[in-house]
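Data block below; observations after.
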Amino acid sequence: MEEEVNITEVIINAINSIFQTIFSSIDNNLYSILDDITFINTDILNGSYFRNIFGTSTTNGILLIANSLILGFLLYYCTKLLLSNFLITQVERPTSFIFKLIIYGICMNSSIFICEQFIFFSSCLSSSIQELGGNLFNTSLSFSNLVYKLNTMIQIEENSFTIFSIDGLLKSVISISFLNLTFSYAIRYIMIKVFILISPFAFLSLSTSSTSSFFKAWVKCFISLILVQILVALVLLIIFSIDFSSSNIFSKFLISGAIFALLKANSYVKEFMGGISTDLTNGFNGIKSFIK
């Protein structure tokens, strides 16, 4: 009987040790990355490879393809204008079309600058919220500081941590949620770059009424993606207002609920203003809704 108890204790201690190693690895490596991919700024545009892909002038990169499409739009309009004389259909006046093509052609070639201003505005707003929190709580509003405070509430030391407890279960949920959060915001980071790359085509699509819906879908998705970090900053502001020195179960579940809100931040923005979701569980549905 005593041997069975010892074997059980060995198994439990081994499980606890494994989970402690996993959680420590997540704490030490994950959260600094999470700060970088969540709170983006104009540095996202500074990569040399990204600039080369987008195009440093109208003669290379994506900009070359987009400028080539101007000729395609002209041919489309000329064909439509010619057929209107035979089919007796109403067509936009040539002067109006040429004027719009020039204006939106300029916007197309300045699209990376326009996207940069949207990102700059979002970054300034989220940074202001973080700075407000820093002044109120005397600490930086970041995921790195958040995990430090969480570990003061939920102990993970080797001698006290056990997965078979409330603290252990909460720590498991929080760590898995943050891992999911990292994947979700990494997808968001990539999708922001993708939407910047297709921005020239979005602005050019405004040249005709039949393609303008592409711009509406693009701007809705792009703005919803960059505004996520503002909601994240607000949620972090609420989280840091919770008393971490208190170890009561109410505070612990409040923290868990706030982390779930962080996990669903993109979905909340999507519900509010549309766009696509970068949640792992809803990603494919978001892509389908964007296509529609």
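The values are calculated or read from the model by the stated rules, or taken from the named source; none is laboratory data. Quick caveat: nothing in here was measured; it's all calculated off a predicted structure. Here Cβ is always computed from backbone atoms with ideal geometry, including for glycine, and neighbour counts include all displayed protein chains. Note: accessible area is taken over every heavy atom of the protein model, side chains too, but ligands, DNA and RNA are not part of it. Shrake-Rupley method; radii C 1.70, N 1.55, O 1.52, S 1.80 Å.
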**Message:** How large is the accessible surface of SER209 in square angstrom, using a 1.4 angstrom probe and rounding to the nearest 10?
**Reply:** 100
**segment 1-94 - convex hull of the alpha-carbon atoms, volume per residue in Å³** = 250
**Item:** 5 Å-binned pair-distance histogram of the chain (Cα, whole percent)
**Value:** 1, 5, 10, 12, 13, 12, 10, 9, 7, 6, 5, 4, 3, 2, 1, 1, 0, 0, 0, 0
**Fill in**
Taking a probe of 1.4 Å and leaving out DNA, RNA and ligands, segment 86-236 shows per residue an accessible area in Å² of 48
**Request:** Report, largest value first, the span of the C-alpha coordinates of segment 87-235 along each principal axis, in whole Å.
**Result:** 83, 35, 20
**Fill in**
Reported to the nearest 10 Å², THR42 has, with a 1.4 Å probe, an accessible area equal to 30
**Asked** When the accessible area of segment 7-83 is computed with all protein chains present and a 1.4 Å probe, what percentage of it is carbon and sulfur?
**Response** 68
**Item:** Cα gyration tensor shape of segment 180-224, rounded if a/c is under 1.5, else prolate or oblate by comparing a/b with b/c
**Value:** prolate
**Asked** In this model, which of LYS80/LYS216; LYS80/LYS270; LYS149/LYS270; LYS171/LYS270 are farther than 26 Å apart at the alpha-carbon?
**Response** LYS80/LYS270; LYS149/LYS270; LYS171/LYS270
**Complete:** The helix 212-240 Cα axis meets the longest alpha-carbon principal axis of the chain at an angle in degrees, between 0 and 90 and rounded to 10, of 20
**Request:** Can you tell me the 0 to 90 degree angle between the C-alpha axis of helix 94-109 and the longest principal axis of the chain, rounded to 10?
**Result:** 30
**Complete:** Rounded to the nearest 10, the angle in degrees between the Cα long axis of helix 249-263 and the longest principal axis of the Cα atoms of the chain comes to 20
**Prompt:** What residue among VAL91, CYS124, SER48 has its Cα farthest toward the positive end of the dipole of the chain, where the charges are +1 on Lys, Arg and -1 on Asp, Glu, each on the Cβ?
**Reply:** VAL91
**Message:** Is there a quick way to get the dipole size of the chain? I mean about its Cα centre, with the Cβ of Lys and Arg at +1 and of Asp and Glu at -1; what is the value in debye to the nearest 20?
**Reply:** 2000
**Message:** Nothing charged except the Cβ atoms of Lys and Arg (+1) and of Asp and Glu (-1): what's the magnitude of the dipole of segment 60-204 about its Cα centre? Round to the nearest 20 debye.
**Reply:** 600
